1. What is the one condition in (1) under 12 Å from the mean Cα position of the chain (by Cα); (2) not acidic (Asp, Glu); (3) not in a strand (DSSP E or B) that Ala14 does not satisfy?
2. Got at least one residue in segment 117-125 being hydrophobic (A, V, I, L, M, F, W, C), in contact (Cβ under 8 Å) with a residue 60 or more places away in the chain, touching a Lys or Arg at 6+ places or on another chain (Cβ under 8 Å) and not in a helix (DSSP H, G or I)?
3. In the set Leu36, Leu5, which member is touching a helix residue (DSSP H, G or I) at 6+ places or on another chain (Cβ under 6 Å) and touching a residue at least 12 places away in the same chain (Cβ under 8 Å)?
4. Among the residues of segment 128-162, what is the count of those that are touching a residue at least 24 places away in the same chain (Cβ under 8 Å) and either over 16 Å from the mean Cα position of the chain (by Cα) or assigned to a strand (DSSP E or B) (or both)?
5. Is it true that some residue in segment 49-69 is assigned to a helix (DSSP H, G or I) and in contact with a Phe, Trp or Tyr (Cβ under 7 Å, 6 or more places away or on another chain)?
6. Leu107: in a loop (DSSP other than H, G, I, E, B) and in contact with a strand residue (DSSP E or B) (Cβ under 9 Å, 6 or more places away or on another chain), yes or no?
7. I'm told Leu74 meets every condition in (1) in a helix (DSSP H, G or I); (2) loosely packed, with under 14 Cβ neighbours inside 10 Å except one. Can you identify the failing condition by its number?
8. Inside segment 24-43, can you point out the residues that are outside any helix (DSSP H, G or I) and either crowded, with 24+ Cβ neighbours inside 10 Å or in contact with a Lys or Arg (Cβ under 7 Å, 6 or more places away or on another chain) (or both)?
Amino acid sequence: MASALDSIYVVIRALKPNIIVETGVANGASSFYILLALKKNNKGHLFSVDFPNLDPTSMIPKNKEVGWLVPQILRERWTLILGKVEEKLTDLLDKLGAIDVFYHDSLHTYEHMMFEFKTAWRKLIKGGLLISDNIDLNNAFIDFCKEVKASWIDLANVGFCLKNNLG
């Protein structure tokens, strides 16, 4: 069975998005897979927001920085923004105007996830994709998809929600 990271990689390769916004980086495993897919696509840019050391479970090794797993060769398509998502996300999305993919992997509380989903959804293009890691931790992802009347699937505990014309 494919891992969550494999699923994200395949989706990014297939969609060939121009703009992806990610919240939560930690070591950078997801960022690595997304950036590798963008490199293979020869298009797209990843904007990541992370608040260092907020999540004690992220287990970033001492003397390592946020995103340390991302090699230099993949960083040309990456903008890393350090700070609290609540303070950085809205401004970033307003600056970008429209996004193709949003990926949540930061604080997994119901309230925070709903904040991110609602904030990103406004800027997500029709046919765009909202992705969330750890959807088993609470009902935020499913509740949100129902609220916006969007189709969704669960692959290895990662939710993929398609923004259609109803949402």
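Read the figures in this text as sums done on the coordinates, not as results from a lab. Owing to the predicted nature of the structure, the values given are computational and were not obtained by experimental measurement. Cβ atoms come from the backbone with ideal geometry, glycine included; neighbour counts cover every protein chain shown.
1. (1)
2. no
3. Leu5
4. Taking segment 128-162 first, the residues touching a residue at least 24 places away in the same chain (Cβ under 8 Å) are 128-135, 137-141, 143-144, 148, 155-162.
Applying the additional criterion that residues be either over 16 Å from the mean Cα position of the chain (by Cα) or assigned to a strand (DSSP E or B) (or both) yields 128-132, 137-139, 143, 148, 155, 158-162.
Qualifying residue count for the region: 16.
5. no
6. Spelling it out, Leu107 is indeed in a loop (DSSP other than H, G, I, E, B) and in contact with a strand residue (DSSP E or B) (Cβ under 9 Å, 6 or more places away or on another chain).
7. Failing condition for Leu74: (2).
8. The answer is Gly24, Val25, Gly28, Lys43.
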